[in-house]
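Novice: Before I ask anything, here is the structure I am working with.
Each value in this text was obtained by applying a stated rule to the coordinates, not by laboratory testing. Being a predicted model, the structure only gives us computed values, none of them experimental. No Cβ is skipped: glycine too gets one built from the backbone with ideal geometry, and neighbour counts run over all protein chains shown.
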């Protein structure tokens, strides 16, 4: 199972997908791509949340993905 977590103004939103179900993968990929276009940063994390790796494109086998809005300094 894959898990997409979005940390944003609306709170913590979680989407789960089964890599073997094309409709679930498509919905998760669409959400990922929409948020990336809005400037969100995506990270693949291990099952413990200890190690993160930046992601540029959706990978249905990523496991757990966290998307966070870009933070502007100033």
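Novice: Would you please name the residue that is farthest from residue 13 (Cα to Cα), looking only at residues in the range 24-74 that are buried (at least 17 other Cβ atoms within 10 Å of the Cβ) and touching a residue at least 60 places away in the same chain (Cβ under 8 Å)?
Specialist: 62
Novice: Could you tell me which numbered condition residue 47 fails, if it satisfies all but one of (1) in contact with a helix residue (DSSP H, G or I) (Cβ under 7 Å, 6 or more places away or on another chain); (2) within 12 Å of residue 1 (Cα to Cα)?
Specialist: Going through the list (1) in contact with a helix residue (DSSP H, G or I) (Cβ under 7 Å, 6 or more places away or on another chain); (2) within 12 Å of residue 1 (Cα to Cα), residue 47 breaks only (1).
Novice: Let me ask you something else. Which is touching a strand residue (DSSP E or B) at 6+ places or on another chain (Cβ under 9 Å) and part of a loop (DSSP other than H, G, I, E, B), of 29, 60, 14, 36?
Specialist: From the options 29, 60, 14, 36, the qualifying one is 60.
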